[in-house]
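The values are calculated or read from the model by the stated rules, or taken from the named source; none is laboratory data. Here the structure is a predicted model, which means the values were calculated and not measured. Positions of Cβ are backbone-derived with ideal geometry, glycine not excepted, and every protein chain shown enters the neighbour counts. Just so you know, the surface numbers come from the protein's heavy atoms only, side chains and all, with ligands and any DNA or RNA stripped out. Shrake-Rupley method; radii C 1.70, N 1.55, O 1.52, S 1.80 Å.
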Amino acid sequence: QVQLVESGGGLVQPGGSLRLSCAAAGNIASITEMGWYRQAPGMQRELVTQITSSGTTYYLDSVKGRFTIARDNAKNTVELQMSSLKPEDTAVYYCHAVVDTTTSWGLESDYWGQGTQVTVSS
């Protein structure tokens, strides 16, 4: 089993910045991808950003240029730096990882953090 532990989040005014962190722990053989999803009230969960073990990144169009994802493969952590935040960024943010565990024999599974609230408001 793998656990994703998130930190960060909170209330920030428009134009401000926040940093989210996520650490994966457990029977980890490798992590193919780590990233962040978000879900606003009444909306479906959407992928915000993702990074592979090789460093390839994806960003939702609406956050490009404002959000930056970074990963430490050795420590199995990922960080999301959010800048120039907008009210529409308000959501619960979930860390996500695609993990090959030491007991899965090459079978990857998805794991999720508990979610952290990000609120952008004046």
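Taken over segment 74-88, the criterion of being more than 17 Å from T119 (Cβ to Cβ) and not small (G, A, S) is satisfied by K75, N76, T77, V78, E79, Q81.
Scan segment 80-122 residue by residue and report those that are part of a loop (DSSP other than H, G, I, E, B), touching a residue at least 60 places away in the same chain (Cβ under 8 Å), open to solvent by less than 70 Å² (accessible area, probe 1.4 Å) and in contact with a strand residue (DSSP E or B) (Cβ under 8 Å, 6 or more places away or on another chain). Walk me through how you get there before you give the answer.
Keep residues of segment 80-122 that are part of a loop (DSSP other than H, G, I, E, B), which gives 83-86, 90, 102-107, 113-115, 121-122.
Cutting the leftovers down to touching a residue at least 60 places away in the same chain (Cβ under 8 Å) gives us 83-86, 102-104, 113-115, 121-122.
From the residues that got through so far, the ones that are open to solvent by less than 70 Å² (accessible area, probe 1.4 Å) too are 83-85, 104, 113, 115, 121.
Residues satisfying the conditions are S83, L85, S104, G113, G115, S121.
Looking for something of a type in the set (G, A, S), on the phi < 0 side of the Ramachandran plot and more than 12 Å from the chain's Cα centre (by Cα) - is there at least one such residue anywhere in segment 75-83?
Pass one, segment 75-83, residues of a type in the set (G, A, S): 83.
Applying the additional criterion that residues be on the phi < 0 side of the Ramachandran plot yields 83.
Going one step further and asking which of them are more than 12 Å from the chain's Cα centre (by Cα), we end up with 83.
Yes - at least one qualifying residue is present in segment 75-83.
Restricting S7, S17 to those that are of a type in the set (S, T, Y) and within 30 Å of T102 (Cβ to Cβ) reduces the list to S7. Here N27 meets each of (1) open to solvent by 30 Å² or more (accessible area, probe 1.4 Å); (2) modelled with pLDDT under 95; (3) within 15 Å of V2 (Cα to Cα); (4) under 15 Å from the mean Cα position of the chain (by Cα) with one exception, condition (4).
If you scan segment 84-116, which residues turn out to be within 14 Å of L18 (Cα to Cα) and over 12 Å from the mean Cα position of the chain (by Cα)?
Narrowing segment 84-116 to residues within 14 Å of L18 (Cα to Cα): 84-87, 89-93, 116.
Result: S84, L85, K86, P87, D89, T90, A91.
Against the numbered list (1) assigned to a loop (DSSP other than H, G, I, E, B); (2) open to solvent by 50 Å² or more (accessible area, probe 1.4 Å); (3) modelled with pLDDT of 95 or more, G16 comes up short only at (2).
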